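Read the structure below first, then the notes.
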Amino acid sequence: MHAAVKSLPKKTPRKTGASPVEQVARAVRALRRGQVVSIAGEAPVQVLAVETASDAALARLARGGGAFLLLTHRRAQTLKIRLYTPDVVALPVARDATAQALRAIADPTADLDFPLKGPFEAVRETLPKSYASAIRLAKLAGLLPACIVRRTSAKGAIAIAAHDIDSYDDEIVRTLTIITRARVPLEGAEQAELVAFRAEDGRPEHYAIVIGDPPTNKPVLTRLHSECFTGDLLGSLRCDCGSQLRGAIEAIAKAGGGVLLYLAQEGRGIGLINKLRAYRLQDQGFDTMEANERLGFEADERLYGIAARMLKLLGYNAVRLLTNNPEKVAALKAAGVKVTARVRHAFPDNEHNRAYLKTKAEKAGHLF
């Protein structure tokens with residue numbers, strides 16, 4: 001019943017002139033609207049995002065049986081589901097299942113409202129690789145990493161090749177370009193220039209703040225800062241992001257110049273909505289890393305190739321990295337940037353972020 005279909009589609013499902021990145025962007029928009037996406041690969045599958053699925057769409061997809069709920073290993077472990085298959089697990093969807101019932105399985109913020117789940121019996125046979133691609137697409141859409149799939153193609157649905165999804169990360173790095181730049185005097189760094197970067201997918205732009213006139217022929221003092229709406233803009237006390245952002249600008253200016261990369265990767269890459277879900281889980285007693293993992297994500301979903309590409313476009317090949325996170329040093333090195341030194345970057349805690357910072361030190365190895 002679960003044997004893989006060996007034949008591949010005759011043609012890649014791509015509109016004339018549409019790049020792989022553009023195809024992914026279309027599929028992302030469809031998932032966010034609650035529409036079916038058709039993924040072609042070793043076995044064609046129809047995909048619905050659990051978060052946006054309606055009962056009507058679920059009924060159409062599951063008509064005749066053979067639908068599965070896909071979860072990541074992280075979420076499956078929370079639900080005590082045995083991991084028989086790599087990357088994702090597949091649970092048979094009952095014919096009378098509702099969209100709300102599937103969301104209750106996928107969304108840990110509903111665990112207290114729907115405590116009785118399972119037992120679950122995951123599929124043990126080899127799963128098509130396109131199943132993992134479906135989960136990746138849901139992550140790119142900023143949704144819960146959970147999908148409903150059925151192994152058949154769908155007429156009229158947005159169609160995409162699994163390969164386009166799997167190669168997306170490399171493609172957005174490759175297509176990232178400088179759009180414009182302008183002088184923007186900042187509090188703490190009056191000699192500053194803001195540089196805007198955009199990839200072909202049309203998602204939110206990344207920015208670089210170039211402070212002073214740092215030479216390109218020696219390591220530049222650099223801070224990688226993932227955007228944090230709650231901390232950077234609202235002054236949230238749950239994290240130290242706002243202090244790190246403003247402190248980095250001031251520190252770079254005092255050092256004579258450098259670069260701050262402001263990356264559109266909210267919540268360590270899971271997006272603002274999912275970060276707010278993680279906050280709800282933290283209020284239930286889980287730490288910041290446990291919360292992300294209960295949602296079905298890895299502890300850090302950020303793409304460091306984007307930062308490496310931004311530095312290259314600015315003309316820098318080596319950095320002195322302003323960070324407390326040794327994994328950032330390793331990730332940037334892996335992306336092809338020479339890191340000559342780690343420069344300490346820490347600020348006092350408060351009663352609201354003390355446990356958060358303790359978790360980062362004890363579980364993620366941050367050096368405060």
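Where a number appears in this text, it was derived from the coordinates with a stated rule and is not lab data. As the structure is a computational prediction, the values presented were derived from the model and not from experiment. Every residue, glycine as well, gets a Cβ built from its backbone with ideal geometry; the counts of neighbours run over all protein chains shown.
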Cut-off 13 Å between beta-carbons: net charge of the residues surrounding Gly34, Lys and Arg +1, Asp and Glu -1: +3
Mean separation of Cα contacts under 8 Å, 6 or more apart, over the residue count of the chain: relative contact order %: 17
Computed [θ] at 222 nm, helices only, for the chain once each DSSP H run of length n ≥ 4 contributes -39500 (n - 2.57): -10000 deg cm²/dmol
Pairwise label distance in nanometres, Arg29 with Ala196, each label 7 Å out on the Cα-Cβ vector: 1.9
Glu187/Leu233 FRET efficiency (R0 22 Å; Cβ-Cβ; nearest 0.05): 0.90
Nearest-ten-degree value, helix 354-364 long axis tilted from longest Cα axis of the chain: 80
Residues Thr175 and Ala355, FRET efficiency given R0 of 45 Å [Cβ-Cβ distance, rounded to 0.05]: 0.70
Cα→Cβ-extended label distance, 7 Å offset, between Ala59 and Leu112, nm: 3.4
Cubic angstrom per residue, convex hull over Cα atoms of region 147-272: 153
Rounded, prolate or oblate (a/c below 1.5 giving rounded, otherwise prolate when a/b exceeds b/c) for region 61-112 by Cα gyration tensor: oblate
Mean projected area (nm²) of the alpha-carbon convex hull when the chain is viewed from all directions: 19.3
Label-reachable residues, region 108-133, where backbone N falls under 17 Å from a point 7 Å from Gln100's Cα toward its Cβ: 108-117
Contour excess over end-to-end distance, with Cα ends at Lys338 and Ala255 and 0.36 nm allotted per residue: 27.9 nm
Convex hull volume per residue in cubic angstrom - Cα atoms of region 20-166: 100
Degrees separating the helix 20-32 axis from the principal Cα axis of the chain, which is the longest one: 70
Whole-Å distance, taken between Cα centres, linking region 73-121 and region 124-157: 15
Residue of Leu321, Leu237, Leu71 that the Gaussian network model of the chain assigns the largest fluctuation, springs spanning Cα pairs under 10 Å: Leu237
Förster radius 35 Å - calculated FRET efficiency between Glu42 and Ala330, Cβ distance, rounded to 0.05: 0.60
Set Lys333/Lys363; Lys139/Lys328; Lys312/Lys358; Lys129/Lys275; Lys218/Lys363 screened for pairs whose C-alpha atoms are more than 30 Å apart: Lys312/Lys358; Lys218/Lys363
Folded to 0 to 90 degrees: helix 272-283 orientation relative to the chain principal axis, Cα: 90
